[in-house]
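Encoded as structure tokens, the structure appears first; notes follow it.
The values are calculated or read from the model by the stated rules, or taken from the named source; none is laboratory data. As the structure is a computational prediction, the values presented were derived from the model and not from experiment. Neighbour counts are summed over all protein chains in view; Cβ atoms, including those assigned to glycine, are modelled from backbone coordinates with ideal geometry.
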Amino acid sequence: MTEQISYSVADYVVGSLTLMVPLGIGIWYAVKDVHKATRDDYLLGGRQMAVLPVALSTFITYVSAVSLMGNPAEVFFFGGIAYSTYIGVSLSYVAGYFTVVPLLHPLKLTSVYEYLQLRYQSEAMHVFCTLIGMLQTIIYQAIVLLLPALALQACADLPLWVSVALIGAVGTVYTTIGGFKSVIWTDAFQTVIVFIGVFANIIKACIEVGGVGEVWRLSGEGGRLNFNKFSLDPRIRHTHWSLIIGYTVLWSATSCSQATVQRICSLRTLRDARKSFLLNIPLHLSYGAINCFMGLAIYAYYTVKRCDPLQAGFITNKNQIAPYFVLHAMTNLPGMAGLFIGVLCCGSLSSLSSGINSMAANTVQDILRRPLGHLKEATITFITKLLVLAYGALAIGLAFFMATYMHGPATQMVGAVFGAIGSPIMGIIVMGASIPWANKYGAFAGALASLGVNLWVSLGSILQATPLKALSPITTENCFAKNSSAFSSQTDLVISSNLNTHQTNLSSYENLQTTVTYKSNEAPNAGDTFLLYDITYEWYPIIGCTVCILVGLIVSFLTSPRSERDSGRSVHLGLTDAKYIFPFLRPFWGFEDELNAEDDDKDNNFEIEDEKPEKHGDADTKREPLEMETLLKESKPV
């Protein structure tokens, strides 16, 4: 029996500081903006945010502990091809630069779903898509809360419920009291911490293994550098085509999400909004490179140590491999393990704060807009804060529930959620912003068809698809050898007093692996399961978006009056206003581009100068609802 390695005092101090700084930022803005009781200030920072912090916030919102734990685990077990994910993510920001940003920023909306009511002239469509988007957000919040809790369970020996409650409470409190400004600035702080923490772990791993070259050599020998995966077979998990194309569409769906659109609309000018999108490209490419390399470094480390923690039973979940590595590799550097856990917490806090803030915005602006329309702005802002608190508590509760079921790769779970639930909303927005004659009937039909197909395929995949097999595992020959030559007494990986328990876990793991008949880079045998159930999760957003648009256009065509269909394109142009069509498509449809980017920038600057937050009073209490109603009256009915 050996002594279990656990958190030191320095680790607890460093980890606590990374949690206290966001809380301090929230308190600072709660005191600083105590007299600015308006929704614009609380939900959008008065639409006067700076480019860099917004760009960092947009980046870190969807990074979270999912990638910090999930990507190294993905590379460790399935190989470095996962980096192609970040190429797809970067291409999505290029697409957003020309589509979502110039479309939505000039409309000065608080909620992305307001666009759907303006475009389709349907309150039901507005509320329906709001509810779908909020469902996706709350599931994501639960996942990002659970991952750092799993890490704390593995490293600090904290009960899962304590970790979830602690992280969730900190994120909920600073978001509730500080509003959007605290979310943006804590996100910026958390981005810096994330990069520092990942770099530190890579440097330590390389030192332990013998250098970057040795990491690369050992990873190649272990099959982790097999990049020759160009098959178009949608059943093969992780090929370059599935990752690049799939994540381009998947991340474009996040560009249409409430959290991203709030950041777009919080900036002063259209030019600033576009800059913030472009800044995300180098952020994601560099972050993806170091995060995936961390997975290779961890693999090389345990190859040298000749001990696979998962096979040995030292960890029970693939997603725990990165924090477990940090705990053992950093034992001679006090505070470094705590820094990594702090990094995971920062990632989760950024996603949680953005999510509950956006859901509160959706509730006030999309669902309760009319019931709350007669209240003073200060009262509505107070109700919004209560909603933030409530959604934080809901995310914590859902995380407890999901703890029993979350055992697969975190990146795959999040990708499936965003693909299955997010793609219908993206499809509706893309269809409405691309085709002037698309109508609300087509949008409803397309969304329902997309949801139905995606849920059918994803649930069928969970229940019936052939299981995946990881790449060749590392040996466990040194895992149970006390004080072996591969380990010092300080870094001995034996953390249980019951060797038989570990051997039982190892036997179970090997039995599980032998039931799988194909490798992760091969397609299942024909006829094993229904074809659609073996489609890899990266294709879900493409399937969902395509089904939504195709069904939507067919139904829109069939439900348009015959005279409009027969009279040609010129009548179709009158079905919506030019401002609701992607700017680059307006010339194609014969619209005059009345929202020139330079003129828009000037208008934005003029309005912001005239609209100082300090002058908001009761006379402005209904500014946002009135703005919405004015746009609705100006829009032509579909």
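Structure notes:
- Taken as a whole, the structure leaves A273 outside the set of residues that are hydrophobic (A, V, I, L, M, F, W, C), touching a residue at least 40 places away in the same chain (Cβ under 8 Å), part of a helix (DSSP H, G or I) and in contact with a Cys (Cβ under 7 Å, 6 or more places away or on another chain).
- Near pairs, Cβ below 7 angstrom, 6+ apart or cross-chain, from the stretch 343-370 (among the polar types (S, T, N, Q)) to any residue that is modelled with pLDDT of 80 or more and not in a helix (DSSP H, G or I): N362/S111; Q365/T110; Q365/S111
- Condition check for C307 on (1) under 15 Å from N201 (Cβ atoms); (2) part of a loop (DSSP other than H, G, I, E, B); (3) of a type outside the set (S, T, Y): one failure, at (1).
- So S458, is it in contact with a Cys (Cβ under 6 Å, 6 or more places away or on another chain), modelled with pLDDT under 90 and assigned to a helix (DSSP H, G or I): no
- Some residue of the stretch 356-364 being surrounded by fewer than 24 Cβ atoms within 10 Å (Cβ to Cβ), at pLDDT 85 or above and assigned to a helix (DSSP H, G or I): yes
- Residue in the stretch 328-351 that is part of a loop (DSSP other than H, G, I, E, B) and among the β-branched types (V, I, T) present: yes
- So W241, is it among the aromatic types (F, W, Y) and closer than 27 Å to V198 by Cβ: no
- Selection within the stretch 177-227 - part of a loop (DSSP other than H, G, I, E, B) and more than 10 Å from A297 (Cα to Cα): G210, G222, G223, R224, L225, N226, F227
- If only residues of the stretch 102-146 that are in a helix (DSSP H, G or I) and among the charged types (D, E, K, R) are counted, the one that is farthest from I167 (Cα to Cα) is R119.
- Just so you know, in the stretch 199-217 the residues that are at pLDDT 85 or above and buried (at least 22 other Cβ atoms within 10 Å of the Cβ) include one that is nearest to Q262 (Cα to Cα), and it is V215.
- Inter-residue pairs, beta-carbon under 8 Å, first of a type outside the set (G, A, S) and in the stretch 552-565, second at pLDDT below 50, 6+ apart: F557/R565; E564/V571; E564/H572
- Checking every residue in the stretch 152-165 against the condition of being modelled with pLDDT of 80 or more, under 22 Å from L398 (Cβ atoms), assigned to a helix (DSSP H, G or I) and among the β-branched types (V, I, T) gives at least one match.
Listed here are the residues, each with its yes/no results for (1) surrounded by 24 or more Cβ atoms within 10 Å (Cβ to Cβ); (2) under 29 Å from I25 (Cβ atoms).
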| site | (1), (2) |
| --- | --- |
| I244 | no, no |
| Q258 | yes, yes |
| R271 | no, yes |
| I281 | no, yes |
| V304 | no, no |
| Q311 | no, no |
| N319 | yes, yes |
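- Looking at L131, L118, L109, L135, just one residue is out of contact with any Lys or Arg (no Cβ under 9 Å at 6 or more places or on another chain) and either within 29 Å of K275 (Cα to Cα) or crowded, with 24+ Cβ neighbours inside 10 Å (or both), and that residue is L109.
- Residue in the stretch 255-264 that is in a loop (DSSP other than H, G, I, E, B), on the phi > 0 side of the Ramachandran plot and in contact with a helix residue (DSSP H, G or I) (Cβ under 9 Å, 6 or more places away or on another chain) present: no
- Any hit, the stretch 287-296, residues being within 28 Å of the chain's Cα centre (by Cα), over 25 Å from A149 (Cβ atoms) and surrounded by 22 or more Cβ atoms within 10 Å (Cβ to Cβ): yes
- Taken over the stretch 36-56, the residue count meeting the criterion of being hydrophobic (A, V, I, L, M, F, W, C) and under 14 Å from A360 (Cα atoms) is 2.
- For the stretch 56-80, the set of residues classified as at pLDDT 85 or above, under 20 Å from the mean Cα position of the chain (by Cα), over 11 Å from H284 (Cα atoms) and not hydroxyl-bearing (S, T, Y) consists of N71, P72, A73, E74, V75, listed by residue number.
- Yes/no for T248 being more than 21 Å from M330 (Cα to Cα) and either at pLDDT below 90 or of a type in the set (D, E) (or both): no
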